[in-house]
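Please read the structure below before turning to the comments.
The values are calculated or read from the model by the stated rules, or taken from the named source; none is laboratory data. Just so it is clear, the model here is predicted, and its values are computed rather than measured. Neighbour counts run over all protein chains shown; Cβ positions are idealised from the backbone, glycine included. Ligands, DNA and RNA are excluded from the accessible area calculation, which covers all protein heavy atoms including side chains. Shrake-Rupley method; radii C 1.70, N 1.55, O 1.52, S 1.80 Å.
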Amino acid sequence: MVKKIVIASHNKGKVQEIHRIFSAAIGQVEILTLDDFPEISEIEETGESFEENALLKAATVFKLTNIPALADDSGLVIDHLGGAPGIYSARYSGEGDLGNIKKVLDQLDSVARQDRSARFVAVAVYIDESGPLFARGELEGEITLEPRGENGFGYDPIFQPVNYSQTLAELDPTIKDQISHRGVSLNQLAPALAVRLGQK
Ligand code: IMP
């Protein structure tokens, strides 16, 4: 019987990446998302860290569905802004991805390239009846002067990883998966998760 997991998210960009990374890293699993459970209302992210919020989302969804759950809590940490937007990345401007990008670019207006360092952070939590598994991934880079590229989601058009001349939105999605905070955290989680799912 094919095992099921629920991704504790409605974010299409994030879910698509988790799907791609997991289909390469673990065997056959049926992946559901919160779109399959319209009766579950929005889970408030009241934690003070990526770890707390990821655990909160995974544990809530596992409790409500009784299906093993996977949550990714992620965000952009900008040094010049004292770590903002951090855990508030999704709701930074209150006006979606384009508003968030504009807010960051406005806040970094006239800040020189060497002071535009940032990193993406992702914490993945998988939870089932045996308890939670955690993994963390980070990707270092800098905030560009203007948005470039059409791929990906969120802040991808303004984030240029260290050692690359393109933004994440200009890079091929398979390259993003190999280097990204999400790729690192999920690939780190995959072996223990495969054991939990009885695949190894
Ligand atoms: P969460 O759903 O609270 O984890 O929010 C994550 C937010 O961080 C997203 O909505 C994006 O704004 C941002 N973010 C996280 N990962 C990425 C990424 O890989 N690319 C671009 N933005 C990201």
**Q.** C-alpha long axis of helix 12-25 to longest principal axis of the chain, angle in °
**A.** 60
Q) Just how large is the dipole of the chain about the Cα centre, in debye to the nearest 20, putting +1 at every Lys and Arg Cβ and -1 at every Asp and Glu Cβ? A) 540
Q | In degrees, nearest ten, helix 96-107 long axis to first principal axis of the chain (Cα) | A | 40
(Q) Could you give the length gained by full extension between GLN114 and LEU145, i.e. 0.36 nm per residue of separation minus their alpha carbon distance, to one decimal place? (A) 10.0 nm
Q: Compute the FRET efficiency between ASP79 and THR46 as 1/(1 + (r/R0)^6), taking r as their Cβ-Cβ distance and R0 = 25 Å, and round to the nearest 0.05.
A: 0.45
Q: Select from GLU44, GLU95, GLU140 the residue whose mean-square fluctuation is largest in a Gaussian network model of the chain (Cα-Cα springs shorter than 10 Å).
A: GLU44
Q: Please report, in whole Å, how far the alpha carbons of the chain spread along each principal axis, starting with the longest.
A: 55, 31, 24
Q. Cross-link list LYS63/LYS102; LYS102/LYS176; LYS103/LYS176; LYS4/LYS57; LYS12/LYS103: which exceed 28 angstrom alpha carbon to alpha carbon?
A. LYS63/LYS102
Q | Beta bridges per DSSP with both ends in the stretch 1-129, % antiparallel, nearest 5 | A | 60
Q) If we count every other residue with Cβ under 15 angstrom of PRO85's Cβ, Lys/Arg +1 and Asp/Glu -1, where does the sum land? A) -3
Q | Accessible surface of the stretch 3-197, 1.4 Å probe, proportion on carbon and sulfur as whole % | A | 50
Q: Could you do me a favour and compute the accessible area per residue for the chain, 1.4 Å probe, result in Å²?
A: 50
